[in-house]
Amino acid sequence: MPPNVSFNELLEAAQHSAVHLEMRDAYGVGDEADDFGRWRRTGERDTDPASAYWAPWVDLISRATARGVTVRRARVVSEPVTEYIRYEHAGTAVNIHAGELVRWLPRRTASDLMLPGNDLWIFDGQSVLFNHFTGAGNWSEPGLELRTEPHIVKQSADAFEAVWDRATPHDQYQLL
């Protein structure tokens, strides 16, 4: 795969699976700023799958799942959770509406797991797209790093599966 392939292209090319491992307690990515600010002020989160904020994601994930791709997202979180994680949790119903399976793992129960240093996506067990963030949670340079070496893909997949097996499904996870 070419190193300059986009996330959307990787997901569009996936045939069987796309898994996402999130391990930060806060993100500061610009495209969420307005929605997060509104949630902080009002406690209301945009949960309309057809909204301008959500529609591109819902469309992308819905197309993937319609062609048989299983999309799973696992979040490793500190407890008590941060304000940002409360915001994410409030919007997860839209991820599920789009077709994602979502689980949560308290960080204190992950101490014996060997986890990668960065959030990631794995596509069809063949490639890993690492997500690089600054300390404040915004995209850093390079923001994305695509790796296809079999040992890196396997280590990443093993880490994801260990988290997934231990994590709690979204509808059963209680925020602390």
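The values are calculated or read from the model by the stated rules, or taken from the named source; none is laboratory data. Since the structure is predicted, the reported quantities are computational estimates derived from the model, not experimental observations. So basically every Cβ, Gly included, is an ideal-geometry build from the backbone, and we count neighbours across all protein chains shown.
The residues in segment 11-24 that are crowded, with 16+ Cβ neighbours inside 10 Å and acidic (Asp, Glu) can be counted, and the count is 1.
Looking only at residues in segment 66-102 that are more than 14 Å from the chain's Cα centre (by Cα) and within 19 Å of Val163 (Cα to Cα), the one that is surrounded by the fewest Cβ atoms within 10 Å (Cβ to Cβ) is Pro80.
May I ask you to list the residues in segment 96-146 that are over 17 Å from Met23 (Cα atoms), touching a residue at least 12 places away in the same chain (Cβ under 8 Å) and not hydrophobic (A, V, I, L, M, F, W, C)? Once the filter is applied, which keeps residues that are over 17 Å from Met23 (Cα atoms), touching a residue at least 12 places away in the same chain (Cβ under 8 Å) and not hydrophobic (A, V, I, L, M, F, W, C), segment 96-146 yields His97, Gly99, Glu100, Asp124, Gly125, Gln126, Ser127. Please enumerate the residues belonging to segment 138-166 that are of a type outside the set (S, T, N, Q), assigned to a strand (DSSP E or B) and over 19 Å from Leu10 (Cα atoms). The one that is of a type outside the set (S, T, N, Q), assigned to a strand (DSSP E or B) and over 19 Å from Leu10 (Cα atoms): Glu141.
Among residues that are over 17 Å from Pro169 (Cα atoms) and either surrounded by 12 or more Cβ atoms within 10 Å (Cβ to Cβ) or at pLDDT 95 or above (or both), Leu105 is not included.
The set of residues from segment 44-59 being at pLDDT 95 or above, surrounded by fewer than 16 Cβ atoms within 10 Å (Cβ to Cβ) and either in contact with a helix residue (DSSP H, G or I) (Cβ under 7 Å, 6 or more places away or on another chain) or on the phi > 0 side of the Ramachandran plot (or both) comprises Thr47, Trp57. State whether one or more residues within segment 25-35 are crowded, with 19+ Cβ neighbours inside 10 Å and either hydrophobic (A, V, I, L, M, F, W, C) or at pLDDT 95 or above (or both). No.
Taking the residues in segment 127-159 that are surrounded by 17 or more Cβ atoms within 10 Å (Cβ to Cβ) and either among the hydroxyl-bearing types (Ser, Thr, Tyr) or in contact with a Pro (Cβ under 9 Å, 6 or more places away or on another chain) (or both) as candidates, determine which candidate is farthest from Arg103 (Cα to Cα). For segment 127-159, the residue satisfying everything is Leu146.
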